[in-house]
Amino acid sequence: MRFDFHYARLGKLPNRLFRLGLSASYRPGRETVFRAADLGVNLFFLFGFDGQMISALRDLLPRERERYVVATGAYNYVWGRQNFRRTLEKRLRQLRTDYLDLFLFLGVMQPEQFAPRDLEALQALREDSRVRAVGCSIHHRRYAGQLAAAGAVDVLMVRYNAAHRGAEEEIFPFLEPHRPGILSYTATRWTALLRPPKGWTGPVPDAGLLYRFVLSNPHVDVCLTAPRSTRELEENVRALERGPLDAEEISRLRAFGDAVHAQRKWFL
């Protein structure tokens, strides 16, 4: 079945989303956030401490609030546990908005970090008129597959790239019948996929090719990009004009990803 390479829905959210979302992880500047909106990017991921993104969204949201999806959330034990409802209220104040589109429990590393009370608290936000959908960012793929199969969350935020493809076996086969949205990140594996591994003599992909690899998988709805500048943002968005990769290109990127992954076997 053919799928729309450039636009998708994310879980139960009503918005038609451009399949690259923006994170300001590398502080690209307020103007990069505005430029992303001009280019059609309409999902913005907010950490809560990224002042450039907060400042830009304060200006963007009042203009066309229904156009944009804001994804943010509360952090787990690893970074210091945050209360979901208090964090929700803080994000609303930071952005000066009446609601959040997607509230996530961020950074779940192991199943025991997502206790039943956490799931209950997260699901309770589904009933809050200030939240449109809930989910979690999760590193434990088998548990993510279990959450998907149970319909426990509306969106799963997961790592997926040419070097880390475990989601293909441990998450994606379990999306139906509830079909949570899939928000992916680190398409470049924190830039490791932009450099040749030791002994590699073939071509090295650019960022645009790596984003196209991720988005060529129809199970991924939106992939986050974290450019360092407006120029990088424009290059990443422009790359999508070339459409999905063909089978040969995917095969080559898988081989390259395997070579990169083999250099750091401890990195799951």
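The values are calculated or read from the model by the stated rules, or taken from the named source; none is laboratory data. Because the structure is predicted, anything quoted here is derived from the model rather than measured. Note that each Cβ is placed from the backbone with ideal geometry, even for glycine, and that neighbours are counted across all protein chains shown.
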So which residues in the stretch 43-73 are in a helix (DSSP H, G or I) and of a type in the set (S, T, N, Q), if there are any at all? GLN52, SER55
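Quickly run through the stretch 149-180 and pick out the residues that are surrounded by 24 or more Cβ atoms within 10 Å (Cβ to Cβ) and either closer than 19 Å to ASP258 by Cβ or of a type outside the set (Asp, Glu) (or both).
VAL153, VAL155, LEU156, MET157, VAL158, TYR160, ASN161, ALA162, ALA163, ILE171, PRO180
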The stretch 255-268 residues that are among the polar types (S, T, N, Q), paired with ones that are at pLDDT 50 or above and assigned to a helix (DSSP H, G or I) (beta carbon under 9 Å, 6 or more apart): GLN263/ALA192
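Just for the stretch 235-268: of the residues that are among the aliphatic types (A, V, I, L, M), more than 19 Å from the chain's Cα centre (by Cα) and exposed (fewer than 15 other Cβ atoms within 10 Å of the Cβ), which one is farthest from PHE18 (Cα to Cα)?
In this case the residue turns out to be ALA262.
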ASP38 - would you say it is over 21 Å from THR97 (Cα atoms) and exposed (fewer than 14 other Cβ atoms within 10 Å of the Cβ)? no
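Here's the yes/no breakdown for (1) at pLDDT 95 or above; (2) touching a Cys at 6+ places or on another chain (Cβ under 7 Å); (3) of a type in the set (Phe, Trp, Tyr); (4) under 27 Å from SER229 (Cβ atoms):
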position: PHE45; (1), (2), (3), (4): yes, no, yes, yes
position: ALA56; (1), (2), (3), (4): yes, no, no, yes
position: ARG67; (1), (2), (3), (4): yes, no, no, yes
position: ASN76; (1), (2), (3), (4): no, no, no, no
position: GLU89; (1), (2), (3), (4): yes, no, no, no
position: GLN94; (1), (2), (3), (4): yes, no, no, yes
position: GLN113; (1), (2), (3), (4): no, no, no, no
position: ASP118; (1), (2), (3), (4): no, no, no, no
position: ARG126; (1), (2), (3), (4): no, no, no, no
Among residues belonging to the stretch 1-42 that are within 15 Å of the chain's Cα centre (by Cα), not in a loop (DSSP other than H, G, I, E, B) and not hydroxyl-bearing (Ser, Thr, Tyr), point out the one that is farthest from LEU61 (Cα to Cα). ALA8
Looking at GLU241, is it touching a helix residue (DSSP H, G or I) at 6+ places or on another chain (Cβ under 9 Å), free of Cβ contacts under 8 Å to residues at least 40 places away in the same chain and part of a helix (DSSP H, G or I)? no
Please determine whether any residue of the stretch 45-61 is closer than 18 Å to LYS12 by Cβ, crowded, with 17+ Cβ neighbours inside 10 Å and not aromatic (Phe, Trp, Tyr). no
Residue in the stretch 210-234 that is surrounded by the most Cβ atoms within 10 Å (Cβ to Cβ), counting only those that are in contact with a Phe, Trp or Tyr (Cβ under 8 Å, 6 or more places away or on another chain) and polar (S, T, N, Q): THR225
